Amino acid sequence: MKILMVCLGNICRSPLAEGIMQHLVTQHGLDWEVDSAGTGNWHVGQGPDRRSVHVARNNGIDISGQVCRVFNVNDFDRFNHILVMDKNNLRDVWAKARDENDRNKVSLLLGESHVPDPYYDDAQFAPVFKLIEKGCRDFIDGHQ
Ligand code: 4NP
């Protein structure tokens, strides 16, 4: 199984999602590949936001080595599932889909609800971590 986590900047939410999913996948002894990308290009080449690095580290996960990249159309070929954080991510990734098969690979990590963008609110990073962790646990439970 190959999973791509996507948010807007690829510095706050999707790096957390990549790190948390990788952590849980390893815990479960699953041989899954996990990566992340952003729909926007502002932070390409940078590491994750320090607030995400911090909340991950507080939960025993090191995401500091990740490097920001932009989602591109080849990702539809490389991954089985593309899990996005919010409705805007869904719209932006769907806009790059070539066909129905591409479209069907994309879903919200939390099903119906979304992971809010914590970029402008430091207090959101801890609850965002919990939301993403729940989404990752539920995904693994549904796909083992
Ligand atoms: P993310 O948060 O999508 O969770 O990585 C954001 C990071 C940066 C920006 C927006 C959202 N930005 O506009 O630079």
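The values are calculated or read from the model by the stated rules, or taken from the named source; none is laboratory data. Quick caveat: nothing in here was measured; it's all calculated off a predicted structure. We place every Cβ from the backbone using ideal geometry, glycine too, and count neighbours over all the protein chains shown. Please note that ligands, DNA and RNA were not included when accessible areas were found on the heavy atoms of the full protein model with its side chains. Shrake-Rupley method; radii C 1.70, N 1.55, O 1.52, S 1.80 Å.
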Next item on the list: Note down all Cβ pairs under 7 Å where the first residue falls in region 118-142 and is within 15 Å of residue 7 (Cα to Cα) and at pLDDT below 95, the second is open to solvent by 70 Å² or more (accessible area, probe 1.4 Å) and more than 15 Å from the ligand (Cβ to nearest atom), and they're at least six residues apart or on different chains.
Entry: none
Margin query: Can you go through 106, 93, 44 and tell me which one is crowded, with 20+ Cβ neighbours inside 10 Å and within 15 Å of the ligand (Cβ to nearest atom)?
Written below: 93
Checklist line | Residue count, region 19-37 (criterion: assigned to a helix (DSSP H, G or I) and of a type outside the set (S, T, N, Q)) | finding: 6
Note to self: I'd like the full set of residues that are over 29 Å from residue 27 (Cα atoms) and outside any helix (DSSP H, G or I), limited to region 75-108.
What the structure shows: 95, 96, 97, 98, 99
Next item on the list: Kindly check whether there is at least one residue in region 31-39 that is open to solvent by less than 70 Å² (accessible area, probe 1.4 Å), touching a Cys at 6+ places or on another chain (Cβ under 6 Å), of a type in the set (S, T, N, Q) and within 13 Å of the ligand (Cβ to nearest atom).
Entry: no
Checklist line | region 1-18, residues that are near the ligand (Cβ under 6 Å from one of its atoms), on the phi < 0 side of the Ramachandran plot and not in a helix (DSSP H, G or I) | finding: 7, 8, 9, 11, 12
Margin query: As an exercise: evaluate residue 100 against (1) open to solvent by 60 Å² or more (accessible area, probe 1.4 Å); (2) touching a His at 6+ places or on another chain (Cβ under 7 Å) and give the number of the one condition it does not meet.
Written below: (2)
